[in-house]
Every structure is written in C-alpha cells, then in structure tokens.
1. Among the numbered conditions (1) part of a helix (DSSP H, G or I); (2) crowded, with 17+ Cβ neighbours inside 10 Å; (3) among the hydrophobic types (A, V, I, L, M, F, W, C), tell me where F302 comes up short.
2. So is V134 assigned to a helix (DSSP H, G or I), open to solvent by 40 Å² or more (accessible area, probe 1.4 Å) and farther than 23 Å from S335 by Cα or not?
3. Restricted to the stretch 137-177, and to residues that are surrounded by fewer than 21 Cβ atoms within 10 Å (Cβ to Cβ) and in contact with a His (Cβ under 7 Å, 6 or more places away or on another chain), which residue is farthest from L352 (Cα to Cα)?
4. Taking the condition of being in contact with a helix residue (DSSP H, G or I) (Cβ under 9 Å, 6 or more places away or on another chain) and assigned to a helix (DSSP H, G or I), how many residues in the stretch 264-276 meet it?
5. Can you pull out every residue in the stretch 214-226 that is part of a helix (DSSP H, G or I) and surrounded by 12 or more Cβ atoms within 10 Å (Cβ to Cβ)?
6. Test each condition in (1) open to solvent by 10 Å² or more (accessible area, probe 1.4 Å); (2) touching a Pro at 6+ places or on another chain (Cβ under 9 Å); (3) under 25 Å from F52 (Cβ atoms) for S292 and report the one that comes out false.
7. For the stretch 377-386, indicate whether the set of residues that are within 21 Å of the chain's Cα centre (by Cα) and over 30 Å from L162 (Cα atoms) is non-empty.
8. Being open to solvent by 70 Å² or more (accessible area, probe 1.4 Å), modelled with pLDDT of 90 or more, of a type outside the set (D, E, K, R) and assigned to a helix (DSSP H, G or I) is true for just one of F15, F43, F5. Which residue is that?
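The values are calculated or read from the model by the stated rules, or taken from the named source; none is laboratory data. Small disclaimer: the values here were computed from a predicted structure and weren't measured. Ideal geometry is used to build each Cβ from the backbone, glycine not excepted, and the neighbour counts take in all protein chains shown. Note: accessible area is taken over every heavy atom of the protein model, side chains too, but ligands, DNA and RNA are not part of it. Shrake-Rupley method; radii C 1.70, N 1.55, O 1.52, S 1.80 Å.
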Amino acid sequence: MKTTFVFLLILILAFAGYRRSFKSLKAPVLAQNFYLTGIEYLFFGFLIGPGFLNILDAESQKGLAPLCALVLGWVGLLSGFQFEIPKLRRAPNSHLGAAAVACGLTALLMMLGAWLVLPRVLDLPDAAYVLSGVAIAAAACNTAQVSLALSPLARAPRNRALVNLIQVMSSADGALALGVFSAAFLLRPDSAAHMHFGWLALKAVACIACQTLLFLLFLNRRRSQEELTVVLMGGVILGSGVASMLDLSPLVVNFATGVLLVNITREKERLYGMIAAVEKPAYLVLLIFLGSVWHMDSFLYFFGGLMYFAWRILAKIAGGVAAAHGIPALRGAPSDLGLGLLDHGGMAMAILLDFSMSFPQSYAIPVVSTVLVGVVLNELLGPAFIHLILQGGGRES
C-alpha cells in the first residue's frame with residue numbers, strides 16, 4: 001500500500017514539475033541555472049527519502065525498482081536517438097576529436113583521483129575502489145549546455161565558433177561517458193567470478209540485438225499513434241527489465257538500441273517525438289529517485305564533494321588544454337576551453353542512479369552522495385565559469 005502511495009506521489013511531483021520547471025524566469029542567472037536544470041527535484045527526493053522523512057524508504061525503493069529501470073531505459077533510448085550518423089557527419093572531425101580527447105583525459109584524471117582518495121576516507125573492498133572510480137569518472141565526463149544557453153555572451157558574434165565547439169563537445173561526451181561506465185559492469189567482481197568478460201559482453205550484445213529486432217518487427221509497417229505508443233512502451237519496458245535481470249545496465253542497453261533505431265528505422269521521427277514528449281517528467285522522476293539515495297549523515301560526504309568539485313574543474317581544464325593544443329585544427333582555441341564543459345548533464349544523473357541500483361549500496365551510496373554535493377556546487381557556480389571563458393573571446397576561425 002505504501003509503495004502505491006509513493007508511486008502516486010512521485011508521479012504527482014514529476015508532472016507538477018513538468019508544468020513548472022525548465023521554464024525561463026526573471027531571476028539572477030545563478031537562480032535560473034539551478035531552476036532550469038530541475039536540480040530542486042534532487043532535494044525533493046532527499047526530503048522524502050531515508051535520509052529525512054523516510055517516505056521513499058528502502059522497501060519502497062525496492063518495490064519501485066521496475067519504474068526506476070524504465071526511467072533509465074527511457075533516458076538511454078532518448079540519448080541514443082541523438083546519435084544519427086548523417087547528423088554526426090555534419091560536425092567537424094576536429095570538434096568530435098576534441099570531445100574524445102577532453103572526455104578521455106577527464107575520465108583518466110578522475111579515476112586516478114578517486115583511486116588515490118577513496119581508500120583514505122572509506123573502508124571498502126579493493127574492487128569497490130576500482131568500480132567507484134570508474135563510476136565517478138563516467139559521471140564527471142558528461143556535460144550540459146544550460147549555462148551556455150543562459151549566458152548573453154554566447155550570442156556575441158566573436159564567440160560563435162567557440163560556442164559551436166562547446167556545443168558539439170557537450171553533445172558527444174554523453175556516449176563517451178556511457179562507454180566509461182560500461183567498464184564498471186565488466187569489472188564487477190560477481191561477474192568476473194561466474195563468467196568470462198566475453199560472456200558478459202555477449203549477453204549485452206544479445207540483449208541489444210533482441211530489443212532492436214523486436215522494435216523493427218513491429219515497425220515493419222506504419223502504425224497508428226496509439227499502436228506506436230504501445231510498441232514504444234513495451235519495447236522499453238521489456239528491454240529495461242531483461243537488462244536488469246541479466247545484471248546489465250538498462251541505461252547502456254537502451255542507449256545502444258536507440259543508436260541503432262535512429263539509423264535504421266523509417267519511423268525515427270515519430271519515435272523521437274514520442275520519446276522527447278515524456279523527457280521532462282521522466283528526468284524529474286529520475287532526479288527524485290536519485291535524491292532518495294542521497295545521504296548526508298557524514299561530514300565526509302560534504303568534504304568529498306568539495307574535493308570532487310575542485311578536482312573535476314582541474315580535470316576538465318586539463319582536458320580542454322589537451323584538446324586545444326593537441327588537435328591541429330583547434331590551435332586557435334582558448335586554453336581555458338574546459339571551463340565551458342563544467343555543467344553536469346542529465347546523463348551524469350542517470351549514470352549515478354544506475355550505479356546506485358546495480359552495485360552494492362555499501363559503496364554506491366557514499367559515492368553517489370559525494371558526487372551529488374559536487375553537482376549542486378557546480379550548478380550554482382557553473383554560470384560564472386562560462387562567463388569567464390566567453391568574456392575572454394572565442395576562436396578566430
């Protein structure tokens with residue numbers, strides 16, 4: 001009975017936020033950035049979670065795990081639809097290369113930082129430090145464009161080339177972040193103990209292939225809007241459920257399916273329109289679930305969040321410098337390019353929630369709680385960093 005009540009409460013909060021959040025406000029840029037990202041729903045989740053009112057307690061979280069998997073699958077499918085090959089070809093190779101270089105170096109530095117710091121603050125099995133470092137690195141890679149969109153300097157003609165570069169990099173790094181996160185499932189001790197890595201990868205490929213084929217089977221002729229809705233919901237529910245049963249990531253599996261569908265099916269425009277129509281409430285539900293696993297019962301979480309925030313800035317700056325100076329076509333890009341890549345994107349939130357669902361809570365909760373402190377700090381200060389890089393002027397090319 002309580003699970004049903006919590007389910008209805010989450011839906012009410014999400015659809016109320018669908019009407020109120022993500023809308024322009026006459027407020028300072030700091031407040032707008034915080035409000036337009038929906039981050040306040042993290043606090044709603046924290047408020048009703050075990051760390052405060054305990055309405056969404058551990059039992060309710062377990063009962064609502066299928067809804068959580070569905071939301072992750074929906075976000076993954078939507079993200080996969082952003083990677084249509086003809087559209088990717090329109091982006092300059094130098095910009096995509098910059099995304100790979102910046103994301104790769106950021107992930108490497110974040111993993112090294114996590115592996116150095118975590119053993120000194122948490123008493124966990126050795127494998128947990130490796131997995132936690134991979135999850136932290138994956139979340140740190142992803143970038144959003146909210147601060148960039150809000151900055152009036154982004155519309156200045158002199159910044160046009162720089163803004164385009166940041167937009168391409170922040171759009172591409174979601175796929176790279178998921179690639180990093182996938183490594184955590186391959187490195188999980190329970191997986192390695194019972195099966196070869198190749199077998200786990202084979203399960204993932206089979207799950208993605210079966211979900212894609214199922215979609216294509218029902219999309220082989222034009223469907224009515226009602227039929228297409230049933231096909232879409234059924235495909236995501238089935239794919240997310242099977243992925244969870246096989247100890248795979250619903251987020252990664254549906255992302256890969258989305259990439260295949262957008263490049264194969266003729267119904268991609270209709271499918272994308274339906275998926276995007278539910279994007280906002282789905283994202284708010286994701287934030288509520290993520291907030292419910294956020295614990296602040298230790299000062300170490302706050303201190304760790306400060307360290308994560310500072311180290312991520314340094315890692316992003318290093319990634320930006322490597323991209324700007326390592327790719328010949330970008331030699332005119334500013335060295336502080338990384339300051340334009342600090343906003344956490346929705347994919348980062350999805351990765352953290354997937355990590356909390358798929359791995360033992362003994363170390364998933366401390367990691368998620370620490371990173372979320374850094375996320376909130378970043379949303380508050382992100383506009384200031386964007387202002388710094390845009391104020392300095394964009395590239396000349």
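1. (2)
2. no
3. Selected residue: L153.
4. Qualifying residue count for the region: 8.
5. Hits for the stretch 214-226 are L214, F215, L216, F218.
6. Going through (1) open to solvent by 10 Å² or more (accessible area, probe 1.4 Å); (2) touching a Pro at 6+ places or on another chain (Cβ under 9 Å); (3) under 25 Å from F52 (Cβ atoms) one by one, S292 breaks only (1).
7. Taking every residue of the stretch 377-386 in turn, none turns out to be within 21 Å of the chain's Cα centre (by Cα) and over 30 Å from L162 (Cα atoms).
8. Matching residue, one of F15, F43, F5: F43.
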